[in-house]
Every structure is written in C-alpha cells, then in structure tokens.
Amino acid sequence: MLYIHNSFTKQKDLFTPITPGKINMYVCGITVYDYCHIGHARTVLAFDVMYRYLLARGFEVNYVRNITDIDDKIIKRAHENKESVETLVDRFILAMHEDFAALGAQSPSQEPRATQTIPQMIAMITTLIANGYAYVAKNNDVYYHVRKFASYGALSHRKLDDLCVGARVDVNEDKQDPLDFVLWKAAKPGEPSWPSPWGLGRPGWHIECSAMATDILGETLDIHGGGHDLVFPHHENERAQSEGATGKHFVNLWIHTGFVEVDAEKMSKSLGNFFTIRDVLKTFDAQTVRFFLISSHYRSPVNYSQENLQQARACCERLYLALRCRKLSEVELDENNAYVKRFYAAMDDDFNTPEALSVLFDLAREVNIASSLDSSHADELASVLKQLAGTIGLLSLAPEVFFQQTSKPSANLDALSNDAIEQLIADRKAARLAKDFAKADAIRNELLDKGVILEDNATGSCWRRS
Ligand SMILES: [Zn+2]
C-alpha cells in the first residue's frame, strides 16, 4: 500500500496505477540555457529516489523527463552570447547530462525535446481550437481561453476572481481576456520558427509538456511531477490544455518538490548565493549531496549550507563505516526482515526518506555491534544495509572509494590528490623496509595533518580521508 501526497487533493492518496504493475511518470525537465543548480539537483534526485524505489518494489516505470530547448530565455541568452540557439542548447544539454550523471541520477526512460514534438503540439492546439478552448488572435498568436475550462484553478487551489487581480495584457499580446495564456506565438524576426496552420511561429511553454506527455505516455498519467514553483501556472495550464483536448482526466497524482534555500534565504543569482551542481561537486561528493538533499522530506524546504553538507558527509561516513571490512553479498530483500519492513513502511508513506534513513542508521548500529561478536552475521546485516540503501541510491560505492573522495571544504585548499597520497604511502613503506622508522612516522603524521588516516593491515596500508 503506497500512499503519495497529491497536490490536487492536498492529501496522501492511495496510489493505484492505471495498469497494475506499470507506472507512467512524467517530470518537467530543464530549460537548457545555463548550468543546472542545486535546486534542480533537489528535484532530479527526489524523483530519482522515487524512480529507484518504485523499480525496487517491482514496478515497471516509464519515466519521461522532457527538455525545454526553445523559449524566451534560451533565445535571449543565445542572442547575448552571439551564438545560435542550437549551439547554446546542445552545450547545456551536454552539461546537464554530465551533472546529473555525476550526481548519480539514473537516466529517465525517455527524454523528449520540445523542438522534436512540434507536430504533436500543433495537433493539440488544433483540437483545442476545434473544441472551443482556444482562439487565434489578430496577430496570429493562439491563446487558451481560460474561462472556458470550468475547473481552471483546481490544481493550484486558486479562484479565477483572485487570479484576475494583477493579470495584465502586454502591449504585444492580443488576448480576449488577461487570464488567457499563449499556446502558439507568431514568429518575430530573427527568432527560430516552425510552419503551422497559423503561420510561422513557435510553441508556448505549457503546450510542450501536454503534447510530449500525451504523445509518449497517453491521455492519462499515473504521476506528473516537478518543482513546487511549477504548480501555477505551468501545471494548471497543462491540465487545462490536456483535458480540454482529450476530454479525459489528465493526471491521477501530482507530485511537487520543495525549494532549496541557502542559509535560510531564497537562492538567487543577484544575492550571490547561487550554486551550480558542478560547483558543489567540487567540494562534496555525490553521495553526500544525495544524502543531504534526501535527509529532508521531498516536500519540505531544504536549507543549503556548508555546515549541513558537512553533517551529511559525516552521516554518510557512519553508514559506509558499517560496510568497511565486511564481506558483502547480493541478497534478496526479505519483507519479513524487521529493518526491511520498517524501511518499506517509511518509503510507502509518501517517500518518507528521513524516516527511511533512520532505519539505515539503526541497521548500521547493529552491524557494528555484531562485528565484534559474530562476523558472518555482521556480513549478512551489512549486505542487507547495502541493498536497502541502494533502493534510494545510497551506499552505491565501495567503502574505500567513498572514503578516498575529497570531502571537507576546510581541508580542501591543501588537500592531497589521491596520487600524492599513494606516493607518500609508498615512500613510507620504503622507509619502513629500510628500518627508517622516524621517517615512516613523519610521513604518517604528515598525512594525518592533511586529513588522511592510514590503517595498516595484513595486506598493507589502506587509507581514508578523515
Ligand atoms: Zn512541464
């Protein structure tokens, strides 16, 4: 029994896929005109956790995340950079893929691009005009007539009368009603455009997702998600478009993720507290970033700070320490195992990752207790820990790999590279063989000063960053 909070009903709904065992999930992706930031990472990893967990529970998931590769911001940025829209877009799609892979996010099943779905958008707009929900303005823009869609505002829980306050018509718009939104924009000189029944132009942002979602996943989706800022107007408009065109219920469950704040302030470029994923990953490893972002529930705001990330790193270390020196094997997760049961119960309750993480810590503690009493029992428990954590993308690295990653920003300035550390370890070994114990100790202390802990064992020395 999986319960998920539905933004439409404002409560946790029992989730029942349209086709038993199969899930259609559409998540609004990135508008590619700049590097992705930590707010994007939050949304991507929240849905990555859901995706992994649903797969682990045996669902077949068709996970679609689109790429918005044409819009005002893209055109403006390409113009500022004096480059073509294609060059800009290709560069930032590549960067986005690099960043998401570096975060350990799984690729979606399909990743449609808006510019490759234009015929489907034109078809949907044509249907909306035929169904009386849209009209062609004198300037050849096509608008959605919001007042024609009776339940407009139901998703974002807004009343039309409240929306009217502040709604304005721009000078270059030709709307019948200030609430109406654009489906198709007539071409302006120098902008990319496509032929349509209403002349050359390009799609509005909202129609993209309606057309791509319906094209790939069908008229009714099990899950539609995105960041909280998309509820209005983007998702409200998608709903109006899709239901206006198909006459069918568009989405069974709307999932929205919370904001990322920086030191308790809103993240923004003008405040100078804006962090790209690649910047963050220079200081903190991907497992730490994942732990940090999922240690809050996906709907709550999360506060980005160096301190919170350092804490997340320390938490990851505690979990990875339980796996060190253990003989790990692939295990089937047994639903009757008390830890597995508790972990599933937490995740089945609206993907409650903070609670699920606390189960992992309890299990890690039991591994540590068992390690001095019954080594093979400790190995079994550790294998369950690794497997369970893997369902949400944690503990995916070999412990020694995790511990050798750079972790602390304070030590980072003079942190040794892995090669430099290996060299010093080799020098120390040579000194010990030559019985120069003073030199060997000096090297050990030097490493310790730089935050590297050596552990001698039967096969030599292994090391980790403190
Ligand atoms: Zn969208």
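Laboratory data are not the source of any read-out in this text; all were calculated from the coordinates shown. What you are looking at is a predicted structure, and each value in this text was computed from that prediction instead of being measured. Cβ coordinates were reconstructed from backbone atoms using ideal geometry, including for glycine residues, and neighbour counts include every protein chain displayed.
Loop-resident trypsin sites (Lys or Arg not before Pro) (DSSP state other than H, G, I, E or B) in segment 275-359 with no more than 14 further Cβ atoms inside 10 Å of their Cβ: Lys327.
Taking only the C-alpha atoms of the chain, the Rg (one decimal) and the largest Cα-Cα distance, Dmax (whole number), read 26.2, 91 Å. Taking 0.36 nm per residue of sequence separation and removing the Cα-Cα distance, the Asn308/Ile18 pair yields an extension gain of 100.4 nm. Remark on Val260: its backbone amide H falls under 5 Å from those of Val302, a criterion applied only to residues 5 or more positions apart or on other chains, H modelled at 1.01 Å from N.
Determine the relative contact order of segment 275-383: mean sequence separation of Cα pairs under 8 Å and six or more apart, normalised by residue count, in whole percent. Normalised by residue count, the contact order of segment 275-383 is 28 percent.
Of the residues Glu400, Glu332, Glu366, the one with the fewest other Cβ atoms within 10 Å heads the list, and the complete ranking is Glu332, Glu400, Glu366.
Distance between the 7 Å Cα→Cβ label points at Asn273 and Ala434: 5.3 nm. Straightening the chain between Asn368 and Lys248 buys 37.8 nm, computed as 0.36 nm per residue apart minus the Cα-Cα spacing. If R₀ is 41 angstrom, what is the calculated FRET efficiency for the pair Phe232 and Leu454, using the beta carbon separation as r and rounding to 0.05? The calculated FRET efficiency here is 0.15. Could you sort out which of Lys327/Lys386; Lys175/Lys266; Lys138/Lys185; Lys341/Lys386 sit more than 22 Å apart by Cα distance in this structure? Check vs 22 Å cut-off fails for Lys175/Lys266. Remark: segment 25-35, residue by residue, has Karplus-estimated 3J(HN,Hα) of 10, 10, 10, 5, x, 9, 8, 8, 9, 7, 6 Hz, where x stands for each Gly or Pro and the curve is 6.51 cos²θ - 1.76 cosθ + 1.60 at θ = phi - 60°. Remark: relative contact order (the chain) = 15 percent; criterion is Cα-Cα distance under 8 angstrom and separation of 6 or more residues. The slack between Lys266 and Ser193, meaning 0.36 nm per residue of separation minus the straight C-alpha distance, is 22.7 nm. Which whole-number percent of Cα pairs in segment 414-465 have a distance greater than 12 Å? In whole percent, the share of Cα-Cα pairs in segment 414-465 beyond 12 Å is 62. Think of the chain as a dipole: +1 on every Lys or Arg Cβ, -1 on every Asp or Glu Cβ, centred on the Cα centre; then among Ser371, Gly258, Val280, Val280 lies furthest on the positive end.
By the helix-only formula, in which each DSSP H run with n ≥ 4 contributes -39500 (n - 2.57) and the sum is divided by residues, the chain has a 222 nm mean residue ellipticity of -14000 deg cm²/dmol.
Rounded to the nearest whole Hz, the Karplus-based 3J(HN,Hα) values (6.51 cos²θ - 1.76 cosθ + 1.60, θ = phi - 60°) of segment 350-357 follow the sequence 6, 6, 7, 5, x, 5, 4, 5, with x at glycine and proline.
Bridge orientation summary for the chain: considering DSSP beta bridges with both residues in this region, about 50 percent are antiparallel.
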